[in-house]
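Accompanying notes for the structure given below.
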Protein chains: 2
Amino acid sequence: MIHTRPEIIRIHPEMIHTHQTAPTQFVEANGIRFAYRRFGKKGGVPLVFNQHFTGTMDHWDPLVTDGLAARREVILFNNAGISSTSGEVPASVEEMAANAAAFIKALGLARVDVLGFSLGGLVAQALTVAEPGLVRRLVLVGTGPRGGEGMDTLTPEAQEIFGASYDEPDHLWLRVHFTRSEKSQAAGREFLKRFRLRTGNRDPEVNEKVAPAQIEAISKWGAPRDKPFEYLKSIRQPTLVINGSNDVIIYTVNSFMLQQNLPNAQLILYPDANHGSQYQYPALFVADVTRVLDAVVPFPIPKETDHA
Amino acid sequence: MIHTRPEIIRIHPEMIHTHQTAPTQFVEANGIRFAYRRFGKKGGVPLVFNQHFTGTMDHWDPLVTDGLAARREVILFNNAGISSTSGEVPASVEEMAANAAAFIKALGLARVDVLGFSLGGLVAQALTVAEPGLVRRLVLVGTGPRGGEGMDTLTPEAQEIFGASYDEPDHLWLRVHFTRSEKSQAAGREFLKRFRLRTGNRDPEVNEKVAPAQIEAISKWGAPRDKPFEYLKSIRQPTLVINGSNDVIIYTVNSFMLQQNLPNAQLILYPDANHGSQYQYPALFVADVTRVLDAVVPFPIPKETDHA
C-alpha cells in the first residue's frame with residue numbers, strides 16, 4: 001500500500017521502493033556500520049540526504065523524498081552514532097563530514113548530489129570542502145555558514161523549544177519546523193501525519209549521547225572567527241540555498257549570508273515559514289530542487305546567437 | 001520576422017504582436033497622454049511593467065517581455081514626463097504611483113499584476129499600498145523598501161557608473177545591469193543586442209529633466225525614518241522579490257529586507273548577477289515569475305487529507 005498523493009508524486013514503474021517501504025540496509029566504513037535507505041529512479045546522480053539535530057531517517061518528509069525520488073535515486077542515512085548506525089557522534093562537523101564521505105564511498109559512488117538540512121547542511125558544506133570531486137551539486141536547507149549569526153550555541157528560541165515538554169512528543173516539531181501562524185501550523189499537523197506514515201522498520205530514537213555531541217559540533221562550527229566566510233569561496237558547485245522567512249533555529253539571515261558568499265548559489269526564501277520550509281511547501285521545494293539538479297546548466301545565460 | 005528564440009519563447013497564434021512589433025498606443029488620464037504597448041495572450045490578468053531610472057519602454061528585454069507574454073497580456077508604458085508620454089516627472093514615488101494607477105484605470109482595467117524594476121519597484125509598492133484592490137500579485141525586481149540601505153541617494157557605485165562616459169552610450173548598461181565577471185559581461189553583450197532589436201517606432205530618449213526629478217523621488221523614498229518597513233505589512237498580495245546576488249545600484253540586502261517584512265513574499269536571488277539579473281537569466285526569470293503569477297495558490301501548503 002502506497003501512502004502518497006498521486007497529484008504530487010508520480011510513482012514510476014521502476015521505483016520498486018518508496019519512503020515507506022524502502023528497507024534499511026547497512027554498509028561498513030571507517031569501522032562504522034552505517035544504516036541507509038536507497039530508492040527512486042536509477043541511472044543518474046544519486047542525492048544523499050544529511051539530517052538535522054537529533055533526527056533519523058524517519059524524520060524526512062515522504063512528500064519530499066518520494067517527490068525527489070521520482071527523478072533520481074535518493075539515499076537517506078544515519079551518520080555515525082545516530083539511531084540504527086553504530087559508533088559515536090563525533091564532536092566536530094568536519095569529522096561528521098569525513099564519516100559521510102566514507103559512507104558514500106563505501107556504496108561505490110564516485111559522484112553524488114548532496115542535500116543537507118540544518119546540522120546536515122553544515123555537514124554538507126564540510127563534505128564539499130573536503131571532497132570537492134565527490135559532490136556535483138549542493139542543496140543547503142535551513143542552515144548557515146561557519147561563524148554565522150546566532151550559531152555559536154542554540155538560539156534562545158531553540159533552547160526554549162527543545163527544552164519545553166509537550167503533551168505529544170511529536171509536537172516539538174510543530175514549533176521547530178513551523179511558524180505560529182494558523183496556516184503554517186496546519187501544514188505542520190499534516191507533516192506530522194506524513195512523518196508517522198511509515199510503520200514498518202522505523203529507526204529507533206537517538207540515544208542520550210547524541211544531542212550533547214551534536215551541540216558541541218554546532219557550537220564549534222558557529223563560533224566567531226576572522227574571515228568566517230572565506231571557506232565558502234572554495235565551494236564552486238552549483239548550490240541552491242533554501243529556507244523559510246522566519247527560521248528561529250538557524251536564523252534566516254544565515255541563508256542570505258551563505259548565498260552572498262558562495263560563488264555559484266541561488267537563494268530561495270519561502271514566506272511565513274520557519275526552519276522546516278520544505279515540509280510546509282513540499283511541492284514547491286521538490287520543484288525548485290529538481291530544477292537545479294536536473295538543469296544541464298543550473299544558472300544559464302543566453303548563448304551567443306545571431307539576432308540579425 | 002520574429003527575432004526570438006523558439007526554445008525559450010513560444011509564440012502563440014493568438015499573439016499578433018511581440019515586443020518588436022507592438023505599436024505604441026496612447027491613452028489620456030490625469031491630464032497626461034500616456035504612451036504604452038500591449039501584447040501577449042489575452043484573457044487573463046494583464047501584467048503591467050514599471051521601468052527603472054531614465055528607462056523607456058525600449059529598455060525592457062524582449063526575452064523577458066515576450067517570454068511572459070506567452071501566457072499573459074503584458075503592458076509596457078512610460079510614466080508621466082518619460083519619453084513619449086507627456087507631462088512632468090513628479091518628484092515623489094507616491095505621485096508616480098498615482099499616475100500609474102490613473103493610467104491602468106484609463107485602460108479600463110480593474111485588476112492587474114504589477115512588475116516593478118528598480119525605481120519601478122518603488123512605484124509598484126506605492127501603487128499597491130494606495131490601490132490594494134487594483135493589484136492582484138506583485139513582482140519586485142532589483143528594488144528596495146522605504147528607508148532601505150544606501151537608498152537615500154544614488155549609491156557610490158551608481159554615481160560612478162552613471163557619471164562615467166562610455167565609447168558607446170549603451171555600454172552604460174553593461175555596468176548597471178551586469179557584474180564584472182566574464183560570464184555576466186557576456187550575458188550583457190547579448191542583452192544589448194536584444195535591447196536594440198526593435199528598430200521601428202522606438203521611444204525617444206528621456207529629456208534632461210527626468211534624471212533630477214527621479215533622483216529626488218528616489219531620495220525621498222530612501223530617506224531614513226522611524227519604523228521604515230511598517231508600510232510593507234499592508235501589502236498582502238502574493239509577492240515575488242527577485243534580484244542578483246551583487247546589486248550595486250540598489251544593494252541586494254534591500255531585496256532581503258523586502259522579503260523579511262512583506263507578509264506573503266518569496267525571495268529569489270540569482271548568482272553572480274548585478275542590478276539586471278532578469279536580463280542575465282531571462283529564461284529562469286520568466287519561469288520563476290510565470291510560476292508565481294499562474295499558480296492557483298502561489299505558496300500552497302498541503303491540504304488536509306486522509307493518510308489512513
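The values are calculated or read from the model by the stated rules, or taken from the named source; none is laboratory data. Note that the structure is a prediction, hence the values are computed from the model and not measured. All Cβ positions, even for glycine, are placed from backbone atoms using ideal geometry, and neighbour counts span all protein chains on display. Only protein heavy atoms, including side chains, enter the accessible area calculation; ligands, DNA and RNA are left aside. Shrake-Rupley method; radii C 1.70, N 1.55, O 1.52, S 1.80 Å.
Can you give the average number of partner chain beta-carbon atoms within 10 Å of each beta-carbon in peptide B:259-265, as a whole number?
4
Counting only protein heavy atoms and using a 1.4 Å probe, what share of the accessible area of segment B:236-301 belongs to carbon plus sulfur, as a whole percent?
Percent of accessible area from carbon and sulfur atoms in segment B:236-301: 62.
May I ask you to evaluate 6.51 cos²θ - 1.76 cosθ + 1.60, the Karplus curve with θ = phi - 60°, for each residue of segment A:247-255 and list the ³J(HN,Hα) values in order in whole Hz, giving x for glycine and proline?
Taking θ as phi minus 60°, the curve returns 6, 9, 8, 10, 3, 4, 4, 5, 5 Hz for segment A:247-255.
Per residue of A:75-82, count partner chain C-beta atoms within 10 Å of its C-beta, then hand back the mean as an integer.
0
Output, in nm with one decimal and in ascending order, the distances from the B:G108 label point to the matching label points of the other copies (7 Å from Cα along Cα-to-Cβ).
Result, one decimal in nm: 6.9.
If amide hydrogens are placed 1.01 Å from N in the peptide plane, which non-local residues have theirs closer than 5 Å to the one on A:D247?
Those lying under 5 Å, H to H, from A:D247 are A:T252.
Kindly tabulate the residues in segment B:156-194 with an accessible-area decrease of at least 30 Å² between the chain alone and the assembly of all protein chains, using a probe of 1.4 Å.
With the partner chains in place, segment B:156-194 has these residues losing at least 30 Å²: B:K183, B:E190, B:K193.
Write out the GluC sites (Glu not before Pro) in segment B:179-257 meeting two conditions: DSSP loop, and at most 13 other Cβ atoms within 10 Å of their Cβ.
Listed in order of number, the matching sites are B:E205, B:E208.
Total Å² of accessible surface buried at the A-B contact, 1.4 Å probe, nearest 100?
Accessible area lost upon association: around 3500 Å².
Determine which aspartates and glutamates satisfy two conditions relative to B:K209: a Cα distance under 15 Å, and not lying fewer than 8 residues away in the same chain.
Straight-line reach from B:K209, under 15 Å: B:E88.
Under the Karplus relation 6.51 cos²θ - 1.76 cosθ + 1.60, θ = phi - 60°, what is the ordered set of whole-Hz ³J(HN,Hα) values for segment A:125-136, x standing for Gly and Pro?
Residue by residue, segment A:125-136 yields 5, 4, 4, 5, 5, 6, 9, x, x, 7, 10, 8 Hz.
Which entries in the list A:K42/B:K303; A:K303/B:K42; A:K220/B:K183; A:K41/A:K105; A:K41/B:K233; A:K183/A:K233 go over 32 Å, if you measure between the two C-alpha atoms of each?
A:K220/B:K183; A:K41/B:K233; A:K183/A:K233
If you count only protein heavy atoms and use a 1.4 Å probe, how large is the accessible surface of B:K42, to the nearest 10 Å²?
Spelled out: B:K42, probe radius 1.4 Å, area about 150 Å².
Chymotrypsin sites (Phe, Trp or Tyr not before Pro), restricted to segment A:150-211: which are DSSP loop and have at most 12 other Cβ atoms within 10 Å?
A:Y166
In terms of the ratio Rg/(2.2 N^0.38 Å) built on C-alpha atoms, what value belongs to segment B:32-79?
Computed over Cα atoms of segment B:32-79, the ratio equals 1.12.
Please calculate the 1.4 Å probe accessible area of A:I301, with all protein chains present, and give it to the nearest 10 Å².
Roughly 40 Å² of A:I301 is accessible to a 1.4 Å probe.
For label points placed 7 Å from Cα toward Cβ, what is the shortest-first list of nm distances from A:G31 to its copies?
The projected label point of A:G31 is separated from its counterparts by 8.6 nm.
Need one value for B:242-251: mean number of C-beta atoms belonging to other chains within 10 Å of its residues' C-beta atoms.
1
In Å², and per residue, what accessible area does chain B have when probed at 1.4 Å with the other protein chains present?
38
Just check chain B against the gyration tensor rule for me: Cα atoms, a ≥ b ≥ c as the square roots of the eigenvalues, rounded for a/c under 1.5, and otherwise prolate or oblate depending on whether a/b exceeds b/c.
Judged from the Cα gyration tensor, chain B comes out rounded (a/c under 1.5).
For the protein assembly as shown, report the convex hull volume of the alpha-carbon atoms normalised per residue, in Å³, without decimals.
So the per-residue Cα hull volume is 158 Å³.
Kindly identify segment A:176-303 as rounded, prolate or oblate by the Cα gyration tensor criterion: order the square roots of the eigenvalues as a ≥ b ≥ c, call it rounded if a/c is under 1.5, otherwise compare a/b with b/c, prolate if a/b is larger, else oblate.
Taking the square roots of the gyration eigenvalues as a ≥ b ≥ c, segment A:176-303 is oblate.
May I ask you to evaluate 6.51 cos²θ - 1.76 cosθ + 1.60, the Karplus curve with θ = phi - 60°, for each residue of segment A:195-210 and list the ³J(HN,Hα) values in order in whole Hz, giving x for glycine and proline?
Going residue by residue, I get 5, 9, 5, 6, 10, x, 6, 5, 6, x, 4, 5, 7, 6, 7, 5 Hz, with x marking Gly and Pro.
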